[in-house]
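The values are calculated or read from the model by the stated rules, or taken from the named source; none is laboratory data. Note that the structure is predicted; figures quoted are calculated from it, not measured. Here Cβ is always computed from backbone atoms with ideal geometry, including for glycine, and neighbour counts include all displayed protein chains.
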Ligand code: URA
C-alpha cells in the first residue's frame, strides 16, 4: 500500500477502505509518512469530505494509536467534553455533581489555548492541586471517592496530536469529519462508557451557527454509538460568555458559588442539563427524573461536599475553596465603564476571551505561562440595560500595562441598541 495512491484516491473523490485509513494512521504515528503527504491527504479530506464509515474508522484508528484506558473495573463511568468556550467552567460543577450520585468520573482534561480556557489550568490555580497522577493512583482515587481529574497525557491518541498540529498550520481545522474524529478519538481512548458532549455555538465557539453545531453533534454521537458508548450532545450558546467570571481562579470561584447554590443562572442551567443527560444515560432514568436527582444533589450540598473531597484528595488547599477570597488575587482591578447608554445587544465571546488572555489569563502559544489570578468579571451581559458610566466589567491583572489594550478589545466586542435584544437560546437542542 502506498500513501501516494491513498492521497490520489481521496483527491479524486473516492471512498477510502478501512485498510487504507488504518495504514495512514499507523504509518503517520510511526513517523513513516512525510508531513507534506499527510497534509495533502488532510486537504483532500477537507475538500472531498468523508462517508460516515470512513469517519468512524478514522476515529477508531486514531483512538488506538496510543494508550487506551480500560475503566471496566470501575463500573459506571462517564465523561463530558466541551468543544470549548469563554467562561466555560461546567466541568468543575458537573464532575462532582454526577460523582455525588454514584457515577465514576475518571477524567482527562486539557489546558487552555487562545481565547478558550482549560479545566486543568483552572484546577491548578488552587494551591497544591496535582494535575498529574500515576495511572495506579488515578484509578485507585476513582475507586475510593468516585472522581479524579488529570491533565491529558501525550500518549492518549498521539495520531490526533500529529494530525491536529498539521491541520492547525494548513487551514484544515474546520472540517466536520476531522473535528469529530479528533474529539471522539480522545474520548474513546479515555475509556468512559457514557460520553456527554457540550457542543457550543456562536461567536466564541468553533461552530458559529446552530446548523453547524448540530451537524457536528450528530456525527460525534454516531461515532460514539458505533464504538458502543452511551452518547448525547447538548448544543449550548457561546455567543455570550458563560457565567460572569473569565480567568482561572475567578472561574473556580464562580463554580464554587454554583456548587453552594449561589452563582450565575446560565452556568447552573448548562451544568444541570449536562449532568441530567449523564445521569439519564448512565443510570437509565428518564430525563425528567434525572433532572430532579441532579437538582437535589446540588441543592442539598452533596455535590459541593464531593467537590471538596475531590480537591482535598488531589492535594488542593481546601481553605481556598471554603473561603474563595484566598484564591490567587490580581494586584490591579480596573473598573471598565460603559461608553454608552442602552441595551447590550451583542458580546463577541471570542474577543472577550482574547481580552482576558491579554490580561494574562491564557496563552497564545503552548509555551506561554499564565497568571492564575488574571481575568474578567462581567457585571453586565447581553440583554442588560446600562447607563453611560456604569461598570460593565472588572479587569483583573498583575500587568497594568496591558489594561488599555484589553479594554479596547473588550469594548470593540460590544454592540449597543435602544431596543431590548432577543437572546439566543441557552440550550438549543440535545442530540441523542
Ligand atoms: N478540538 C479538538 O480536540 N479537535 C478539533 O479538531 C477541534 C477541537
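Residue 102 meets each of the listed conditions (1) more than 15 Å from the ligand (Cβ to nearest atom); (2) more than 23 Å from residue 218 (Cβ to Cβ); (3) in a strand (DSSP E or B) apart from (3). Of the residues contained in the stretch 92-99, none is found to be part of a loop (DSSP other than H, G, I, E, B) and at pLDDT 95 or above.
Is it true that some residue in the stretch 107-118 is under 28 Å from residue 213 (Cβ atoms), outside any helix (DSSP H, G or I) and over 21 Å from the mean Cα position of the chain (by Cα)? No; the residues of the stretch 107-118 include none that is under 28 Å from residue 213 (Cβ atoms), outside any helix (DSSP H, G or I) and over 21 Å from the mean Cα position of the chain (by Cα).
Taking the numbered list (1) over 23 Å from residue 62 (Cα atoms); (2) in contact with a helix residue (DSSP H, G or I) (Cβ under 7 Å, 6 or more places away or on another chain) in turn, residue 123 passes all entries but (2).
The residues of the stretch 1-50 that are surrounded by fewer than 15 Cβ atoms within 10 Å (Cβ to Cβ) and either touching a strand residue (DSSP E or B) at 6+ places or on another chain (Cβ under 7 Å) or more than 23 Å from residue 169 (Cα to Cα) (or both), listed by number, are 1, 2, 5, 12, 13, 14, 15, 18, 19. Of the helices (runs of 4 or more DSSP H) lying entirely inside the stretch 273-365, those carrying at least 3 residues that are crowded, with 18+ Cβ neighbours inside 10 Å are 287-299, 302-313, 349-358.
Given the criteria away from the ligand (no atom under 11 Å from the Cβ), in contact with a helix residue (DSSP H, G or I) (Cβ under 9 Å, 6 or more places away or on another chain) and in contact (Cβ under 8 Å) with a residue 12 or more places away in the chain, does residue 147 qualify? When the stated conditions are applied, residue 147 passes them.
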